[in-house]
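The values are calculated or read from the model by the stated rules, or taken from the named source; none is laboratory data. Note that the structure is predicted; figures quoted are calculated from it, not measured. Heads up, the Cβs are rebuilt from the backbone with ideal geometry, glycines too, and the neighbour counts pull from every protein chain shown. Protein only, heavy atoms only, side chains kept; ligands, DNA and RNA dropped before computing areas. Shrake-Rupley method; radii C 1.70, N 1.55, O 1.52, S 1.80 Å.
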Amino acid sequence: MMVRTTYHVEAEKPLDIVAKEIAAEQSTGTWTDVPAEREVHEKVGARVVSAEDNTVVIDFPEEIFEPMNIPQILSVVAGNLYGLGGLKALRLEDVDFDPLVKYYKGPVFGIQEVRKYLGVYDRPLVGTIIKPKVGLSPKRTAEVAEQAALGGLDLIKDDETLTDQAFCPMDERLPAVMDRLDKVRKEIGKPCLYACNVTAGADKIVERAERAKELGANMIMVDVLTAGYSAIQAINEANINLPIHVHRTMHGALTRGAFGMSMPVIAKLTRMVGGTNLHIGTYSGKMEHNVYDIDRSRDILRKPWDNFKPMFPAVSGGIYPQLLKANLDRYGIDCILQAGGGIHGHPEGTVAGAKAMFQAVEAWKENVSLEDYAKNHHELSIALKKWGPSK
């Protein structure tokens, strides 16, 4: 079976010649004739399927890939080809991983498992990020988390840059946050997930995830592009048995510009190795957004694929109540609205900011404008005064 890859290529040479160079470089060939290549090409040599309109399609035989080894897979489909001379642009747009998915388990916790834990089935999830991003003590972090949970939020996460720094060590932060969340659960009767960032090097990340579970974590978080896809795979193989919130920090280095890979490829790999949630972008927000790639990534996470459980897309980056409709119209209810400043920056505080977000969700569900809904919902009316009319 063949693993089919699709690239956007711009080059000085004719496209068909460049396509052959890419296929050779990534499989059995080199810059000159090597006699032994003829012996192995039929078994593991890549084949150019087409090369036209700046799109190159190449098939790689399944045999060239090592099962359960994402680093090796990436070395084939996204390796030395970027360094070939004469290229003006090269972007890995898509990979058909179907011949390889039999080796992967996919998510342990998917959309339905998270909804069951929270008892939420008829709306998008609403979450936040601890703000400020870094610098708070464990005690202050827990206080912010408590306010967010009192507002009814479903998920609270660490920032991607907060791990185990001296000013907020995980061993102190995690119990402090979970104690506050347990207190709120007893008070309002609703659980809240806390995605504690366990990102670390290969020698520490599984141990850190295990430690988080010992300390009472109900969710962990991994920065997938800095830690590697194998980090998530290793955590799941270790049977830590916690949902994994996956952040895509550093993605712009790969997904923007002339050279790199598309977000849909990152989404496929993340689902294969077992993430629960993945940040894939906003249709309206502060970050650059490629609507075509967001559409594809959204569908990759949620549509049936082999026996993998569906994942939640996380919608983050400058989200506040006025932007919810533009995003929910494209995402629907199976997503996580992840607002940081859009909750904590509310003039009346974090609890009010959370309530304003929920009120915006209710307005969307009822197909009512935010301005009309705000007439009878104080927190939303204050948000509209601060951040302007609905978008």
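So the values come out like this:
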| item | result |
| --- | --- |
| Unique match (being among the aliphatic types (A, V, I, L, M) and within 21 Å of VAL9 (Cα to Cα)) among LEU269, LEU254, LEU278, LEU242 | LEU254 |
| Hey, VAL95 among the aliphatic types (A, V, I, L, M), open to solvent by less than 30 Å² (accessible area, probe 1.4 Å) and farther than 19 Å from THR5 by Cα or not | no |
| Test: residue in segment 309-321 that is out of contact with any Cys (no Cβ under 7 Å at 6 or more places or on another chain), part of a helix (DSSP H, G or I) and surrounded by 19 or more Cβ atoms within 10 Å (Cβ to Cβ) | yes |
| Residue match in segment 269-278 (condition: at pLDDT 95 or above, over 14 Å from the mean Cα position of the chain (by Cα) and either part of a helix (DSSP H, G or I) or of a type in the set (A, V, I, L, M) (or both)) | no |
| Qualifying positions in segment 1-13 - modelled with pLDDT of 95 or more and either open to solvent by less than 40 Å² (accessible area, probe 1.4 Å) or hydrophobic (A, V, I, L, M, F, W, C) (or both) | MET2, VAL3, THR5, THR6, TYR7, VAL9, ALA11 |
| Residue under evaluation PRO264, criteria (1) in a helix (DSSP H, G or I); (2) more than 30 Å from ALA11 (Cα to Cα), criterion not met | (2) |
| Only listed residue being charged (D, E, K, R) and open to solvent by less than 30 Å² (accessible area, probe 1.4 Å), chosen from ASP59, ASP16 | ASP59 |
| Pair list, Cβ < 7 Å and 6+ apart or interchain, from segment 276-291 residues that are open to solvent by less than 10 Å² (accessible area, probe 1.4 Å) to residues that are of a type in the set (D, E, K, R) | LEU278/ARG248; HIS279/ARG248; ILE280/ARG298 |
| Among the residues listed as LYS20, LYS102, LYS13, LYS43, the single one being under 23 Å from the mean Cα position of the chain (by Cα) and of a type in the set (D, E, K, R) | LYS102 |
